[in-house]
Protein chains: 2
Amino acid sequence: MARPSHREKILAAGLRVVHARGFSGASVRDIVQAAGVPQGSFTNHFVSKEAFGLEVLDLYFDQARALLNATIGDEALRPLARLGAYIDGATCARGDDDGMRAGCLLGNFSAEVNELGEPLRLRLAAMFAETERALADCLRAAVAAGELPKTLDCKAAATLVLAALQGAILIAKAQRSPAPIERMRKTLFATVLAPAA
Amino acid sequence: MARPSHREKILAAGLRVVHARGFSGASVRDIVQAAGVPQGSFTNHFVSKEAFGLEVLDLYFDQARALLNATIGDEALRPLARLGAYIDGATCARGDDDGMRAGCLLGNFSAEVNELGEPLRLRLAAMFAETERALADCLRAAVAAGELPKTLDCKAAATLVLAALQGAILIAKAQRSPAPIERMRKTLFATVLAPAA
């Protein structure tokens, strides 16, 4: 197996640092130190901190997209069970092994989006839109399968599910507790995602 | 009327700067420039940037608490209408006059909470808890008034409402559009907050 290049080391360590400290909070110095590479190699591989930020965000979203495919895309499950698997995956991936410190990188970047420049903002907006479309398609499949009521506005419900996940992860981060995520999840499945009678 | 003191100018301008740029993103230099006061007056009035952050957060939450009192506390309205007034106030206060740029200061601070130190984190956690309790009390009043089903777990539903608001404001910020907030609100009132049949 080839040894990871400086570029790969910077991206892998950089994702951890940026996830923990925020994009504005993480300096290039912090990132190269965590990667164990000389400071100069950052500028060899990235034309700017923003160019690095775009690649880090893509690296993170590759994982988020893999989770979507493994859950929402799992045709062995009924549509509501796919949504449940996604919500579990998206919240458990946050884990409380770190006291809910990391949160979701998309949410963290969104909070400081005014400082990030337009290319990063547009990438974030597109990632939310892609996730929302996948959730809406799955909600439509649940309606078609008779699991959810025909009256549900699936696009609007997908926004609520995504917003509830993002908000609960944010509150869990401030409270250093998974309890807000558990309560959000409980209500979601007792109301919006409750099987049609 | 007395002229505002340097201290008051720093807090008022500092709230705007921190709301727009984030706490890590806003330097003391940015804050004193926006306040139009000499750099030295910051250290005259605040022992640290964190001490300033606590006062700015309290100043913001005074407005949030006033909104809670004016809506959730409005006994002239039925409980569900109080919740609607709160949700409208909390999201319209974000306004799209600034392209949804500001977001909610509590959410923004939560995203960068790892960088803020424990006193700020505890203050944020307490503010979320206070808001959640007020929402849960109002949901209980709606259940008691027969507006919502007796089966509703009001504490858990309050978390969902708060999380959905926070998440939708965050997504609206990334997408520079009020549409996510409108869709979240529509689903909330068609499902979790739908009047009992």
Report task. For residue A:149, go 7 angstrom from Cα along the Cα-to-Cβ vector, then report the distances to that same point in the other copies in nm, smallest first. Result -> 0.9
Report summary line: Tilt, helix A:154-175 to longest principal axis of chain A (alpha-carbon atoms), in degrees rounded to tens, equals 50
Query raised in the report: Given the range B:105-197, what whole percent of its Cα pairs are spread farther than 14 Å?
Result: 70
Report task. Calculate the mean, over all residues of peptide B:20-29, of how many other protein chain Cβ atoms lie within 10 angstrom of the residue's Cβ. Result -> 4
Report task. Calculate, for the range B:120-197, the solvent-accessible area per residue in square angstrom, rolling a 1.4 angstrom probe over the heavy atoms of the protein chains. Result -> 35
**Report entry** the protein assembly as shown, helix-only ellipticity at 222 nm - DSSP H runs n ≥ 4, -39,500 (n - 2.57), divided by all residues, nearest 500
**Finding:** -22500 deg cm²/dmol
Query raised in the report: How many nanometers, to one decimal and shortest first, lie between the label point of residue A:4 and those of its other copies, if labels sit 7 Å from Cα toward Cβ?
Result: 4.8
Query raised in the report: In square nanometres, what is one fourth of the surface area of the convex hull spanned by the alpha carbons of the range A:1-114?
Result: 9.1
Query raised in the report: Can you work out the base-10 log of I(q)/I(0) for the range A:31-91 at q = 0.12, 0.25 1/Å, using the Debye formula on its C-alpha atoms alone?
Result: -0.48, -0.96
Query - Chains B and A together, accessible area buried on both sides, 1.4 angstrom probe, square angstrom - result: 3900
Query - Convex hull volume per residue in cubic angstrom - Cα atoms of the protein assembly as shown - result: 149
Report summary line: In Å³ per residue, the alpha-carbon convex hull of the range B:156-197 encloses 48
**Report entry** ³J(HN,Hα) computed for each position of the range A:123-128 - Karplus, 6.51 cos²θ - 1.76 cosθ + 1.60, integer Hz, glycine/proline x
**Finding:** 5, 4, 4, 5, 5, 4
Query - Calculated label separations, residue B:182, copies of the chain, 7 Å along the beta-carbon direction, nm - result: 3.8
Report summary line: Rounded to the nearest 0.05, FRET efficiency between residue B:98 and residue A:145 (Cβ-Cβ, R0 45 Å) equals 0.60
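Direction-averaged shadow area of the convex hull around the Cα atoms of chain A, nm²? If you can, show how the numbers build up before the last one.
Values: hull surface 49.9 nm².
The orientation-averaged projected area of the Cα hull of chain A comes to 12.5 nm².
Across peptide B:67-77, what mean number of C-beta atoms from other chains lies inside 10 Å of a residue's C-beta? Working shown, then result.
Details: counts 0, 0, 0, 0, 0, 0, 0, 0, 0, 0, 0.
Mean shielding by partner chains, rounded to a whole number: 0.
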Query raised in the report: Taking only the alpha carbons of the range A:7-54, what extent do you get along each of the three principal axes, in Å, biggest first?
Result: 23, 20, 16
Query raised in the report: In nanometres, what is the gap between the two model label sites at residue B:69 and residue B:122, each 7 Å from Cα along Cα-to-Cβ?
Result: 2.5
Requested in this report: Measure up B:155/B:186; B:150/B:186; A:49/A:155; B:9/B:49 against 26 Å on the Cα-Cα distance and list the ones that go over.
Outcome: A:49/A:155
Report summary line: Of every hundred units of 1.4 Å-probe accessible area on the range A:81-145, the number belonging to carbon and sulfur atoms, as a percent, is 53
Query raised in the report: Across peptide A:103-109, what mean number of C-beta atoms from other chains lies inside 10 Å of a residue's C-beta?
Result: 4
Report task. Report ³J(HN,Hα) in whole Hz for each residue of the range A:4-20, in order, from the Karplus equation J = 6.51 cos²θ - 1.76 cosθ + 1.60 where θ = phi - 60°; Gly and Pro get x. Result -> x, 6, 3, 4, 5, 4, 5, 5, 5, 5, x, 4, 4, 5, 5, 5, 7
Query raised in the report: Among B:37, B:70, B:60, whose Cα sits farthest toward the positive end of the charge dipole of the range B:1-83 (+1 at Cβ of Lys/Arg, -1 at Cβ of Asp/Glu, about the Cα centre)?
Result: B:37
Report summary line: Nearest 10, in degrees from 0 to 90: the angle of helix B:179-190 to the longest Cα principal axis of chain B is 30
Query raised in the report: Across every pair of different alpha-carbon atoms, what Kirkwood hydrodynamic radius in Å does the range A:65-138 reach?
Result: 13.6
Query raised in the report: Check residue A:192: other-chain or 5+ apart residues with amide H under 5 Å from its amide H, H built from backbone geometry?
Result: B:192
Query raised in the report: From the phi of every residue in the range B:105-110, what ³J(HN,Hα) in whole Hz does the Karplus formula 6.51 cos²θ - 1.76 cosθ + 1.60 yield, where θ is phi - 60° and glycine or proline is x?
Result: 4, 5, x, 4, 5, 4
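The values are calculated or read from the model by the stated rules, or taken from the named source; none is laboratory data. As the structure is a computational prediction, the values presented were derived from the model and not from experiment. Note: ideal-geometry Cβ built from the backbone for every residue, glycine included; neighbour counts use all protein chains shown. The accessibility values were calculated without ligands, DNA or RNA, using every heavy atom of the protein model including side chains. Shrake-Rupley method; radii C 1.70, N 1.55, O 1.52, S 1.80 Å.
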